[in-house]
Every structure is written in structure tokens, then in C-alpha cells.
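Throughout, read-outs are computed from the coordinates displayed, never taken from laboratory work. These numbers come from a predicted model, not from an experiment. Neighbour counts run over all protein chains shown; Cβ positions are idealised from the backbone, glycine included.
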Amino acid sequence: RRHRSDLDHDAVLALLIHDELNPRSVRASLDRLQRAADAIDWTEADDEIEQWRAELFWRPDGQETERRVAVADFLVVHEDVSEPAIALEAMSSDTAPFADLFDGAELHESLDTEGFVGVVIVDRVEVDSALRRNGLGPLLVAEALQRLGRGCAMAACSDSATGGSTSSEVERDRIRRMIRDFGFSEWRDGIWTLDLATTGLSATRTAIRET
């Protein structure tokens, strides 16, 4: 049975796209995070993997306190990162598998892109358990990718659970279906990619708006 709530999806979408002051009970943010303390200490200031977090907050009618209902973490690997594979492996066990996307400073030769100009990695997506199946996760990811993916060749994600948790095969199948429905294609070893130069992301955003 599909879970229903009084969360206003139109208000969420308008805020994410236009950054207008929100007169309703929904607030969204997209912020760059500080580098992890255990990240590699690069000598060049610009030679780093950017970490971003998109969050969705909701304040139910009649309540003064808002709560976070969805969060998504992203890594942006620009073309000026000299050793992206080494950096990803050093960040955490969750980001290490994405090192396979690279061969030295370039994308793996099997990835069909017009030159390496950057990759956005969807590192983590979590939605409040009471509000799942409302499309909040895909909505937050789609709008964040629209912004973070400007100038990037592709996006990537994993079908494995993050945060050290272990997913059952049923849960992993559900994750795969959601990733496939979003427009990603499986590359290899649980890593999925999305060509940001195609109309796939635009179609996904349009579908979410009409849901």
C-alpha cells in the first residue's frame, strides 16, 4: 500500500529549483561540506574532491519544530584532480569502489564520454522511514544532480547499502529497480552510471514533477 502524507511536493520542487523564500513548511538546502579529516592532504588547494550534501526539512502544520526528512551526499570529481582513484580509496570504504571509474587521472576507457570533464557521485541517500515511497529521494537527487552536474560528463552511484550496513538481496533488488528507473545503467560490480549529456536526467526530473 502506497504511503501517503501531506507533504507538498510542488513546494519542495519550487524551492529546489528557484531558491525562493519558502512561505510553506518545506525547506531544502544544498551545501558544500568541509573535507574529511582523514582525507589525503593534497599540496594543491584546488586538487580535491568536493563533498556536498542536499537536505530536505519539513515542518508539519501547526508545529514549530522542523525535522529532516531526506538527505543525500554527493562527491564531485573535477578534471583537475590528479589522482581521483587514490583520493576515493582514501576517503572511506563506501567511496573506494568508485575508484574503478578511473584509470589514472582519466575515466576508464570503457565509459562512453566525450572527454573527462568531471563526475558527480551519489554517495548516500536516506529518507525518513515514515515518508518513504513518496519519491522524496529521487526528487532530491535529481534536482541536486541538475546543479552539481553542470560541466560534468556523468553521474555514478552504487547499488550497495552505505554507512557500513548490509542489505539483503530483496533490499538490493529494490535499490537496483529504483536506480534503473531513475535512468542509470549498470556499468560493473554494482556501480551504475548516468550520462549527464543525454536527456535521461531531464526526463527523470519531468517524471518526478508529474508524480
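Computed from backbone phi, the HN-Hα couplings of the stretch 67-76 come to 9, 7, 10, 7, 9, 9, 9, 9, 10, 10 Hz, rounded to whole numbers (Karplus: 6.51 cos²θ - 1.76 cosθ + 1.60, θ = phi - 60°; Gly and Pro given as x).
Using 0.36 nm per residue and subtracting the Cα-Cα separation, the extra length available between residue 177 and residue 80 on full extension is 31.6 nm.
Backbone amide hydrogens, once placed in the peptide plane, bring residue 103 within less than 5 Å of 108, excluding anything fewer than 5 places away on its chain.
Remark: spin-label model distance residue 61-residue 117 equals 4.6 nm, labels positioned 7 Å along the Cα→Cβ axis.
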